[in-house]
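Taken together, the values in this text are just the output of simple stated rules run on the coordinates, not laboratory data. Bear in mind that the values here come from a model prediction, so they are computed numbers and not experimental data. Cβ placement follows ideal geometry from the backbone for every residue including glycine, while neighbour counts extend to all protein chains displayed.
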């Protein structure tokens with residue numbers, strides 16, 4: 001378990017946010033009710049008062065299992081074209097998705113998207129051949145295991161628990177839509193109203209009604225603009 005994961009587990013357990021202290025310690029400080037803890041550069045948890053190293057398992061005690069830092073979907077019902085749809089859908093909204101969930105890295109790179117759209121792809125084997133011929137690191141946020149017929153989204157360790165739940169729902173609905181569509185475009189559209197553009201896309205995917213109300217809220221809260229109006233309202237003189 002790396003330091004970022006340790007911090008997230010402590011935040012989830014104590015229901016408080018850790019503070020990054022920066023130079024020179026590069027440590028995190030977490031103020032719980034019973035004590036203040038420092039997570040140092042080596043990932044050790046230290047009681048700031050006693051200076052004693054605290055074992056993470058003992059500190060957390062009996063707590064519910066930490067959610068997986070990846071999202072897995074079955075590709076059993078996919079073919080090459082539907083997996084291309086999946087990649088294209090993610091790529092077309094990747095910029096907004098990264099801002100919505102504070103991802104630092106791309107899920108898929110430009111060269112891979114170009115390659116799968118320039119190639120004749122019908123079957124899973126076709127998709128696998130193109131993936132294996134692509135440059136290393138061209139699909140960093142999404143891994144494929146063709147033997148087990150599983151695709152894995154790998155950037156989830158960066159997410160807060162509520163963001164992870166929202167992303168899981170989004171992945172599930174993108175997966176379903178990718179299999180239903182004959183073709184999904186990878187074209188990235190420039191927008192000056194991020195909230196409206198992303199909200200419209202979520203609704204087109206089928207994320208409609210009270211069932212997805214909180215999910216939409218979480219996915220839109222970090223974006224700029226107005227979700228209700230395509231053109232931002234002019235300020236009154």
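Worth a mention:
- Calculated [222 nm] ellipticity per residue, helices only, for the chain: -12500 deg cm²/dmol; basis is -39500 (n - 2.57) per DSSP H run with n ≥ 4, divided by all residues, nearest 500.
- Three-way shape label, region 3-60, alpha-carbon gyration tensor, a/c 1.5: rounded
- Fully extending the segment from residue 132 to residue 42, taken as 0.36 nm per residue of separation minus the present Cα-Cα distance, adds 28.8 nm.
- FRET efficiency, 1/(1 + (r/R0)^6) with R0 22 Å, evaluated for residue 165 and residue 2 via beta carbons: 0.50
- Cα-based helix-to-principal-axis angle, 80-92 vs the chain, degrees rounded to 10: 60
- With 0.36 nm allotted per residue and the present C-alpha distance subtracted, the residue 210-residue 99 stretch has 37.6 nm of extension available.
- Of 125, 52, 194, the one that fluctuates the most in a GNM where the chain has Cα springs shorter than 10 Å: 52
- Computed from Cα atoms, the angle from the helix 3-14 axis to the main principal axis of the chain rounds to 70 degrees.
- Contact order for region 78-153, expressed relative to its length and based on alpha carbon pairs under 8 Å spaced 6+ residues apart, stands at 33 percent.
- Axis angle, to the nearest 10 degrees, between helix 124-133 and the longest C-alpha principal axis of the chain: 60 degrees.
- Working from Cα pairs under 8 Å separated by at least six residues, relative contact order for the chain is 19 percent.
- Averaging the Cα positions of each part gives two centres, and for region 107-148 and region 182-223 these lie 25 Å apart.
- Our estimate of slack between residue 221 and residue 20, defined as 0.36 nm per intervening residue step minus the Cα-Cα distance, is 70.1 nm.
- Using only alpha-carbon positions in the chain, the gyration tensor eigenvalues give semi-axes of 36, 25, 16 Å once each is multiplied by 5 and square-rooted (largest first).
- Relative exposure of 90, 53, judged by other C-beta atoms within 10 Å (fewest first): 53, 90
- The simple Förster model, with R0 at 45 Å and r as the Cβ-Cβ distance, assigns residue 12 and residue 181 a FRET efficiency of 0.80.
- Cβ crowding within 10 Å ranks 196, 20, 183 as 183, 20, 196, fewest other Cβ atoms first.
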